[in-house]
1. What accessible area, in Å² to the nearest ten, does a 1.4 Å probe give for Ser156?
2. Given bins 10 angstrom wide, list per bin the percent of all Cα-Cα distances in the range 1-110, short to long.
3. Figure the gain on full extension for Glu112 and Lys96 (residue separation times 0.36 nm, minus the Cα-Cα span) and round it to one decimal in nm.
4. Using the crude model of +1 on Lys and Arg Cβ and -1 on Asp and Glu Cβ, and no other charge, please compute the dipole size for the chain relative to its Cα centre, in debye to 20.
5. Excluding ligands and nucleic acids, what accessible area in Å² is computed for Val134 using a 1.4 Å probe, to the nearest 10?
6. Would you mind calculating the gained length between Thr183 and Leu167 on full extension (0.36 nm times residue separation, minus the Cα-Cα distance), in nm to one decimal?
7. Using a cut-off of 20 Å between alpha-carbon atoms, which aspartates and glutamates can reach Lys35, once sequence neighbours fewer than 8 places away in the same chain are excluded?
8. Under a 1.4 Å probe, what is the accessible area of the range 7-183 per residue, stated in Å²?
Amino acid sequence: MSEPTSEGTRVEISELVASKVLDVPDFPKPGIVFKDLMPLFADGPAFAATIDAIVAEHGVDSFDVVAGIEARGFVIAGAIAYTTGKGVVPVRKAGKLPRATVAASYALEYGEAILEVHADAFMAGERVLVVDDVLATGGTAAATMDLVERAGGQVSGFSVLLELAFLEGRSRIAPRPVHALLTA
Ligand code: AMP
């Protein structure tokens, strides 16, 4: 599971993700093509292969906890956490967490939003693997990384299933690397 990923395997995983994503035009508003990854989540072997590929990319010893971004990031984070024996921290939309939080507002491809994490979510210096389903403009990921650091963690890696390269989300996160199973 933590063996380095070969180029052949990368291509296979990339093709697997591509085969399991549905394009939904004009959702949630006109002009946006929503990338629906539910078919990937619903396919047990395909989902397991993508989780294993993310773990192999980073290495099981490179992180202490997994942070998943609401809501589809929770699915990915929970699976990585379980298979590696690590904990999971949900990064939530505003108003959902019951205790003291740190918050960041950010612009989305289709709107604006606020993300929060519990202020005590991370131990000082804890290494945090951040995961989500789609990287679009990068605002969500940048806000999440900001939250992780303000809450005392350190971002050790960032993975998405799908990167929409034309939106240049990487530039919002640079110089941090982005690991995407599929870049479209
Ligand atoms: P962004 O902040 O623009 O990178 O947006 C990324 C976040 O919004 C992720 O949590 C995605 O789930 C969601 N998202 C943004 N654009 C899309 C899209 N075209 N298809 C699916 N999800 C998207």
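1. Its heavy atoms expose roughly 50 Å² to the probe.
2. 12, 35, 36, 16, 1
3. Contour length minus Cα-Cα distance gives 4.1 nm.
4. Using Cβ point charges on Lys, Arg, Asp and Glu, the chain gives about 500 debye.
5. Its heavy atoms expose roughly 40 Å² to the probe.
6. Residue separation times 0.36 nm, minus the Cα-Cα distance, leaves 4.6 nm.
7. Here the aspartates and glutamates satisfying the reach criterion relative to Lys35 are Glu12, Glu15, Asp23, Asp26, Asp43, Glu70, Glu109, Glu112, Asp132, Asp133, Glu163, Glu168.
8. Details: 8050 Å² over 177 residues.
With all protein chains present, the range 7-183 gives 45 Å² per residue.
The values are calculated or read from the model by the stated rules, or taken from the named source; none is laboratory data. Everything numeric here is computed off the predicted structure, so don't read it as measured data. Virtual Cβ from ideal backbone geometry, glycine too; neighbours counted across all protein chains shown. Areas reflect the complete protein model, heavy atoms only, side chains present, ligands, DNA and RNA absent. Shrake-Rupley method; radii C 1.70, N 1.55, O 1.52, S 1.80 Å.
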